[in-house]
Amino acid sequence: MNIHFKYILLLFLPAIYAESIIIDADLSEKDWDKAIVIDKYYETSPYTLKPGDLKTITRIISNKEGIYIGFTNFQDNSSMLSNKSMRDEGSNNVEQNGVAIDFDGDGLKAYMFIVTLANIQRDGIRPLGGWPEFDWDGDWEVATKEYDGYWVSEFLIPWNVVLMKNVDGLERDINITTFRYIAKDQAWLNDTKTMGWRTDFLSNLRSIKVGNFTKRKLNYFPYISKTYNSVTGFNEDKIGAEIFLNTGTGKQINLTLNPDFGQAESDEVIVNFSAQETFYSEKRAFFNENQSLFDLSHYDRYRVINTRRIGAASKYDCEISSSEKNCNDAKKSYTDIDFALRYTQKNNNSDVGIFVAQETDELFTKGRNFYAFRSKNKIGSRSVGYFLTHVVNNFTNEKATVNVIDFANIRSNKLTLYTDILSSEKEGVTGFGLRSQFVYKPTQLSRRSGSILYFDDDFRLNDFGYLKKNDWFHIGLGNDITKVDFEDDSSIKERKIGTDFNYDSDTSGNSNPIQIRQEYNFKYKDTSSFQASWDLKTSGKDTTITRKNNDFPFVKSKGSLSFNLDYESPSYGAWEYDWRIGYETANKYQTWSSEGYERRFAKIAGSLYPVDDFRLGWQFRVREEDEWLNWIEGNELAVFDLTQKIISINANWFKGSKHEVRLKSQFVALEAENPISLISDKDGYLYNHDSIVKPFTDGITSFQVRYKYEIAPLSYIYLVYTKGGRVYDDENERNTSNVFKDPWDNPDNEIFSLKFRLKF
């Protein structure tokens, strides 16, 4: 019998258990001889499915503590890259091993555990119908070590790292896949011929039997923090705690009391003059722990829960206050939180969860209460869920409720269907929403997809969730084909051609420009890549720029054609770079003295990593736009000659395994010149107007230096310095250097923070 066939048979035999394994990247313990062995790996990015050029041997074994995975990665030492990075930071310049585990074996989600040769952990969740997300941090062990001609990684994934459903008997079925990344080739290898961003990922995992162990976990995280803002004089000392209890019987409670939700990670600066709110990802640890059940979203278009709402700035009405000055002085950019609680329970074919958060009543304002209930049921190859959210605004006495029924139907490895039916009620006004989507893969190297979105004008999601816009009807179709079978003498490794069609309108039938996009992606054998794309937009109606003014609901927009080119270099030893250029042109308007707009974009970025424990990254972006259309009020608008420049500098230094220093900075300069006043009529046509419109400048600074010391796993000391501000000026002309400089010289905030977070 072929030895590889024997290994496959072992996967379906009763589980084999380990007794005593030390996580030290040394697989010499006798228990490893009893492990399941995997030694067949296939290239899945690019998706050639060719056997890996470098040999990989993986062993899997379990005991009452958890699942142990040991990788032996054969490779010439001179080609091994071990550049350090922050936890959860993706990097192409370091060797990696990983495992994805569906602990319940139901195909609804898998947890991903990845380690680099530099022993940097990365973990996340891959839900059914979504993309891998790496905000979640689990408590698991791993060690790596380099040997002569190979390197080793050794994992211990404890049973209580995630919430698992209860099962009867001595064994449970889990689904698993293992993978390896080879940095010099920028290639991923996988043992089950799949990858995390493929739609059929969860259905292609390998089923194995392990011991039906349960393990209780109680973690207590007290913290002490001090924050001082030298600009505002704000000075705060806080004491609080987080408690995580996994009963080991399919139930988990997460509780935080008087939490410190001050971010140790700054957001990217985004200048947004549109009517659509910018979405920011969650960076606070508590809201990312065990949150996957409550994560129902559709790309960047909506999320039923957006936890960034909790603790956001409160509403103040200082004009009715008896002390308007004191009221204005009391305003904060955030709201303190009394507590937040999350309870989740897994049953055989269903998950149930409850989420509650209460903000603090403060001077001149009152906090909000947030409630959510979530259930999800597995019925064969289908899943049906129910979602309820409710928000009480104690300051305005407003209540907002959202109901969602979500449905996923896996018809085969080729076809998956998704549907969300949503309704909202706020102050007696009801709204309706719908998402329906299919993903079809006729072959392993092709993909077709389509989606329909409908949100009526009364649908409200943004009290607790996030919705890009309501009063919205959308049809999207996509098709892409990948080619990987090139001749040996070809420089191309992978080519992908994608075509997308998007139609958008409001619910009254006012059609936005129809967009057709085609994109060509090339990956080369020297690890460089090149992307070219064009976008064609028809004429149409811009239904958002006038903020849905009843009398002037839209503005006529002209058709446009744009091109974009993007290149990423191979790694040149200790550095690499990438650039992007874009150009867009449109016809001129006939009703005013328009010349037709042009938009130009350029980006150049680079990374320098002279040693394994230091990395410097920089980026410069510039955007120029003629006839940039901006809303003023009502049906009054204006066009400007716009120039926006962004400079970003990031640096990370890692001293040993405990110390981390990170600098993150972004400087934005926006100049809007040569204004022309316009007015729109009820048919959306624009005309010259005699209102006075001033040119303006907008400068933004975001700067942060953070030192982190790891006392023990998940126990840290943070020392953070943050400086930032925004200076808007429509009175004085400023040159670019002053627009960059003024927010630094006149910051809104200059904050020093110290925080101890300990795990018990």
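The values are calculated or read from the model by the stated rules, or taken from the named source; none is laboratory data. All of these numbers come straight from a predicted model, not from anything done at the bench. All Cβ positions, even for glycine, are placed from backbone atoms using ideal geometry, and neighbour counts span all protein chains on display.
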Within the stretch 614-662, tally of residues that are in a loop (DSSP other than H, G, I, E, B) and loosely packed, with under 15 Cβ neighbours inside 10 Å:
4
Answer with yes or no whether residue 674 is of a type in the set (S, T, N, Q) and either outside any strand (DSSP E or B) or buried (at least 17 other Cβ atoms within 10 Å of the Cβ) (or both).
no
Inspect all residues belonging to the stretch 481-494 and state whether any of them is assigned to a strand (DSSP E or B) and either in contact with a His (Cβ under 7 Å, 6 or more places away or on another chain) or modelled with pLDDT under 90 (or both).
no
Report yes if residue 510 is without any contact (Cβ under 8 Å) to a residue 12 or more places away in the chain and either within 25 Å of residue 433 (Cβ to Cβ) or surrounded by 19 or more Cβ atoms within 10 Å (Cβ to Cβ) (or both), otherwise no.
no
Out of curiosity, is residue 146 modelled with pLDDT of 95 or more, surrounded by fewer than 19 Cβ atoms within 10 Å (Cβ to Cβ) and not small (Gly, Ala, Ser)?
yes
Taking only the stretch 676-718 into account, find how many residues are touching a Leu at 6+ places or on another chain (Cβ under 7 Å) and small (Gly, Ala, Ser).
2
Any hit, the stretch 688-697, residues being on the phi < 0 side of the Ramachandran plot, buried (at least 19 other Cβ atoms within 10 Å of the Cβ) and among the aliphatic types (A, V, I, L, M):
yes
Go through the stretch 582-613 residue by residue and tally those that are in a loop (DSSP other than H, G, I, E, B) and in contact (Cβ under 8 Å) with a residue 12 or more places away in the chain.
12
Criterion: charged (D, E, K, R) and surrounded by fewer than 16 Cβ atoms within 10 Å (Cβ to Cβ) - qualifying residue of 457, 471, 480:
457
Taking only pairs six or more apart or across chains, which ones have beta-carbon atoms under 6 Å, a first residue in the stretch 204-219 that is among the small types (Gly, Ala, Ser), and a second residue that is at pLDDT below 85 and assigned to a loop (DSSP other than H, G, I, E, B)?
211/15
What residue, among those in the stretch 68-83 that are within 32 Å of the chain's Cα centre (by Cα) and at pLDDT 95 or above, is farthest from residue 481 (Cα to Cα)?
68
Condition first: within 24 Å of residue 55 (Cβ to Cβ) and touching a Gly at 6+ places or on another chain (Cβ under 9 Å). Can you find one or more residues in the stretch 142-153 that meet it?
yes
For residue 440, which of the numbered conditions (1) assigned by TED's automatic domain parsing to the domain that holds residue 299; (2) without any contact (Cβ under 8 Å) to a residue 24 or more places away in the chain; (3) among the aromatic types (Phe, Trp, Tyr) fails to hold?
(2)
Residues that are touching a residue at least 40 places away in the same chain (Cβ under 8 Å) and among the acidic types (Asp, Glu), at least 1 per element: which strands (runs of 3 or more DSSP E) completely within the stretch 300-395 meet that?
337-346, 350-359
